[in-house]
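Below is one structure, written out as structure tokens; the observations come after it.
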Amino acid sequence: MTKLVLSEKQGLHEQFGEDAEIGGDHYRAWVGPPNYYDLIGVTQFNLLTLMGMRETNTLLDIGCGSLRGGRFAIMYLRPGKYFGIDPEDWAVQDGLQSHFGEEFANRKRPTFIKNSDFEFTRFERKFDFLMAHSIFTHAPTWQIKLCFEEAAKVMVPQSIFLATFFESLDGTDYTGNDWLYPDIVRYRKETISAIADEAGVECQHFDWPHPFNQKWIAVTQKGSRPDIAKLLGGWIYSYEATLERRATNTTWPTSATDKA
Ligand SMILES: C[S@@+](CC[C@H](N)C(=O)[O-])C[C@H]1O[C@@H](n2cnc3c(N)ncnc32)[C@H](O)[C@@H]1O
């Protein structure tokens, strides 16, 4: 009996990457500190639902990695509504296997593309929500701009693209040309806004908790500015929102990108 408990414990210890180095080849450590894998995943999902993500919506998870946040979205969204892109196929596959196994993955039908050039048009569809968590925290400005430009091609006026970055501590920006990993890079808020503007999209900075103080932005098409403060206040769950849906005959969740 004791032996069984010990061996199970050992298995779990390895399964959850408790000794693995950040950025190493364990699916949990690859994306960050394994001891924060749960919290960093769930804060992404909570934010997506606060921003209005319903089960009928489509989500593009940019740099999805081992599905730290993606696993909650795959569970919540209807089959075929989750899309992930990442150059590291092994991390995606290990995440899928560990979180779901084949049967559940087949039922939910997530779509993955292995790519490092932000070629979102390869999915041949538009998205209601986009998430780039802990991507700009490692990326040079040219990659951030490319990501915004490619995102703009797969967004509709209702789309909300959520992303994080590390804010500059000394008023300077990272000026290198390389993706740094697991090292991090930092930018001023104004720099992120200016890159978005050059790429033809609009960026709103807002406060939402992050265990490592990454800062959040909501990127939208220019001129379409969702009321982020209202959404963060829980509007989506409110009775007022229910009444509004009733009045406008929109009680069933839909998607602006079903046919787009
Ligand atoms: C810090 S992890 C974040 C993973 C995931 N977004 C999350 O929060 O759990 C960074 C991820 O970016 C991926 N990545 C690296 N270069 C990329 C690129 N050019 N395009 C998309 N993803 C990239 C890495 O493979 C890794 O999975």
Margin query: What FRET efficiency comes out for ARG78 versus LYS222 if R0 is 25 angstrom and r is the Cβ-Cβ distance? Round to the nearest 0.05.
Written below: 0.25
Checklist line | Cα-Cα pairs of the stretch 88-208 separated by more than 21 Å (percent) | finding: 46 percent
Checklist line | Normalised convex hull volume, the stretch 22-174, alpha-carbon set, Å³ per residue | finding: 116 Å³
Check: Modelled label-to-label distance, TYR239 and PHE206, 7 Å Cα→beta-carbon offset: nm?
Finding: 2.4 nm
Margin query: Please list, in order, the residues from the stretch 38-68 whose amide nitrogen is less than 19 Å from a point placed 7 Å along the Cα→Cβ vector of ASP117.
Written below: 62-64
Margin query: Hydropathy at least 0.0 by Kyte-Doolittle, axial extent at least 18 angstrom from the Cα trace: which helices of the chain, defined as entire DSSP H runs, fit?
Written below: 37-50
Next item on the list: Please report Rg over Rh for the chain, where both radii come from the alpha carbon positions and Rh follows the Kirkwood definition.
Entry: 0.98
Next item on the list: Let me know the charge dipole size of the chain about its Cα centre in debye, to the nearest 20, where only the beta-carbon of Lys, Arg (+1) and Asp, Glu (-1) is charged.
Entry: 1080 debye
Next item on the list: Provide the percentage of antiparallel DSSP beta bridges, counting only those with both residues in the chain; round to the nearest 5.
Entry: 40 percent
Checklist line | Accessible area expressed per residue, the chain, with surrounding protein chains retained (probe 1.4 Å, Å²) | finding: 50 Å²
Check: Mind listing which trypsin sites (Lys or Arg not before Pro) in the stretch 202-260 are in a DSSP loop and have 13 or fewer other Cβ atoms within 10 Å?
Finding: LYS222, LYS259
Margin query: Charges on Cβ only, +1 for Lys and Arg, -1 for Asp and Glu, centred on the Cα centroid of the stretch 128-260; of TYR237, GLN143, ASN177, which one is farthest towards the dipole's positive end?
Written below: TYR237
Item checked: Among SER116, HIS99, THR58 the positive-end extreme of the charge dipole of the chain (Cβ point charges) -> THR58
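The values are calculated or read from the model by the stated rules, or taken from the named source; none is laboratory data. Keep in mind that what you see is a predicted model, and the values were worked out from it rather than measured. Glycine also receives a Cβ, built like all others from the backbone with ideal geometry; neighbour counts cover every protein chain displayed. Just so you know, the surface numbers come from the protein's heavy atoms only, side chains and all, with ligands and any DNA or RNA stripped out. Shrake-Rupley method; radii C 1.70, N 1.55, O 1.52, S 1.80 Å.
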